[in-house]
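Structure first, then comments.
The values are calculated or read from the model by the stated rules, or taken from the named source; none is laboratory data. Since we're looking at a predicted model, the values are computed, not measured. Every residue, glycine as well, gets a Cβ built from its backbone with ideal geometry; the counts of neighbours run over all protein chains shown.
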Amino acid sequence: MTEHSTGESQSGSRDAHDHGHDDHGADAHDHAHGGGHNHSHVPKDFGFAFALGAALNVAFIIIEAGAGFYANSMALLADAGHNLSDVLGLLIAWGATLLMKRRPTHQYTYGFGSSTILAALANAVLLLVAVGAITWEAVQRLANSAPPVGDVTVIVVAAIGILINGFTAWLFVSGSKHDVNIRGAYLHMAADAAVSFGVVLAGFAMMVTGWNWLDPIVSLVIAGVIVWGTWGLLRDTMRLALHGVPARISTDRVRSRLASLPGVVSIHDLHIWPMSTTETALTCHLVMPGGHPGDAFIFETSKMLQDEFEIRHATLQFEVGSGIPCGSECTV
């Protein structure tokens, strides 16, 4: 006989029930579920941060783009274009966090948490598109001789950008370590603050030297900074989008921990995948010749997976024999 168990709910309530499946002789399956599941775990509500950050940046984009045209500064226009992509990214990330709070449906039984993965991926793509546009315009200006630039305007507007982008990044810093979607928003704003600082330095340099070609050069540096900051985000979101094990979780450690549980002689068919940017699911077969270990074992194992690995949705199958052969799709 095989038995399944799944992890505890956020509220800590637990229930157990058995229901028979199609009976194939002696191979009827019993399932025991350790409580409801937290399908929409969100460590913190960043709704206010998204709203305030988007509003501040929209206002700044209008100011920066106007100043860029007035001062004939490619650096300001490049940064304004980058900020526009960041606002779009903030709105996408915000929409995903709202979708994540919706309850599961009959068609979407896991809920809508995976929308946060798609949002993070869209953020990375938006940044790369912005890089392409910035690079193209900067190269064109270098090829055609950079025109005069209003260096004082550049300095003042970029300094305002440091304050706005730095403050917006601070709004997201508390969630940046555990949520790649929030981290995308944080990295966008932090990079913008750093870029604005670089534009200020370029403005002072042009004021002292009169070298107008510094403006498109700074634009290229901005593009490099964006690519550098985006690469890690793109790598992590691609891993999540392909249902790869989240970077913070070691499959070997999870396997060893489950194999060390009392009564377990071996494990197989271990799968770990992201349900959202903050929630991870697991399934695994535990071979336990001594028989079903009881509800206490289910509860403690689910709690261990949550406490040690942040895996909040675990489904465990118990086998009392030598184990069902693992197919080619299994993780052994």
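Given the condition in a helix (DSSP H, G or I), within 30 Å of Ser85 (Cβ to Cβ) and modelled with pLDDT under 90, answer yes or no: does some residue in the stretch 264-287 qualify? Checked against the condition, which is being in a helix (DSSP H, G or I), within 30 Å of Ser85 (Cβ to Cβ) and modelled with pLDDT under 90, the stretch 264-287 yields no hits at all. Close Cβ contacts (under 9 Å, 6 or more residues apart or on different chains) running from residues in the stretch 180-191 that are more than 10 Å from Thr230 (Cα to Cα) to residues that are among the charged types (D, E, K, R) comprise Val180/Asp236; Ile182/Lys44; Arg183/Lys177; Arg183/Asp236; Ala185/Asp86; Met189/Asp86. Ala93 meets all of the listed conditions (1) under 30 Å from Asn212 (Cα atoms); (2) surrounded by 24 or more Cβ atoms within 10 Å (Cβ to Cβ) but one, namely (1). Residues of the stretch 222-239 that are crowded, with 16+ Cβ neighbours inside 10 Å and within 27 Å of Glu279 (Cα to Cα): Gly229, Thr230, Leu233, Leu234, Asp236, Thr237, Arg239.
Checking each residue in the stretch 62-86 for being part of a helix (DSSP H, G or I) and surrounded by fewer than 20 Cβ atoms within 10 Å (Cβ to Cβ) picks out Ile62, Ile63, Ala65, Gly66, Phe69, Tyr70, Leu84.
Criterion first (over 16 Å from Tyr186 (Cβ atoms), in contact with a Gly (Cβ under 9 Å, 6 or more places away or on another chain) and in a helix (DSSP H, G or I)) does Leu99 satisfy it? Reasoning before the result, please.
Numbers: over 16 Å from Tyr186 (Cβ atoms): yes; in contact with a Gly (Cβ under 9 Å, 6 or more places away or on another chain): yes; in a helix (DSSP H, G or I): yes.
It is true that Leu99 is over 16 Å from Tyr186 (Cβ atoms), in contact with a Gly (Cβ under 9 Å, 6 or more places away or on another chain) and in a helix (DSSP H, G or I).
Restricting the stretch 291-307 to residues that are touching an Asp or Glu at 6+ places or on another chain (Cβ under 8 Å) and within 16 Å of Ile249 (Cβ to Cβ) leaves a set whose member that is surrounded by the most Cβ atoms within 10 Å (Cβ to Cβ) is Ser302. Of Gly210, Gly229, which residue is assigned by TED's automatic domain parsing to the domain that holds Asn72 and either hydroxyl-bearing (Ser, Thr, Tyr) or under 17 Å from Gly132 (Cβ atoms) (or both)? Answer to the selection: Gly229. When the stretch 113-145 is filtered for residues that are free of Cβ contacts under 8 Å to residues at least 60 places away in the same chain, surrounded by 17 or more Cβ atoms within 10 Å (Cβ to Cβ) and in a loop (DSSP other than H, G, I, E, B), nothing remains. Scanning the stretch 239-262 for residues that are in contact with a strand residue (DSSP E or B) (Cβ under 7 Å, 6 or more places away or on another chain), at pLDDT below 90 and not in a loop (DSSP other than H, G, I, E, B) yields a single hit, Leu240.
The lone criterion from (1) assigned to a loop (DSSP other than H, G, I, E, B); (2) without any contact (Cβ under 8 Å) to a residue 12 or more places away in the chain left unmet by Gly224 is number (1).
Here are some residues: Thr277, Thr251. Which one is surrounded by fewer than 18 Cβ atoms within 10 Å (Cβ to Cβ) and hydroxyl-bearing (Ser, Thr, Tyr)? Walk me through it before giving the result.
Working: Thr277 fails: surrounded by fewer than 18 Cβ atoms within 10 Å (Cβ to Cβ).
Sole residue among the options that is surrounded by fewer than 18 Cβ atoms within 10 Å (Cβ to Cβ) and hydroxyl-bearing (Ser, Thr, Tyr): Thr251.
When Gly224 is tested against (1) in contact with a helix residue (DSSP H, G or I) (Cβ under 8 Å, 6 or more places away or on another chain); (2) closer than 30 Å to Val199 by Cβ; (3) not aromatic (Phe, Trp, Tyr), just one condition goes unmet, and that condition is (1).
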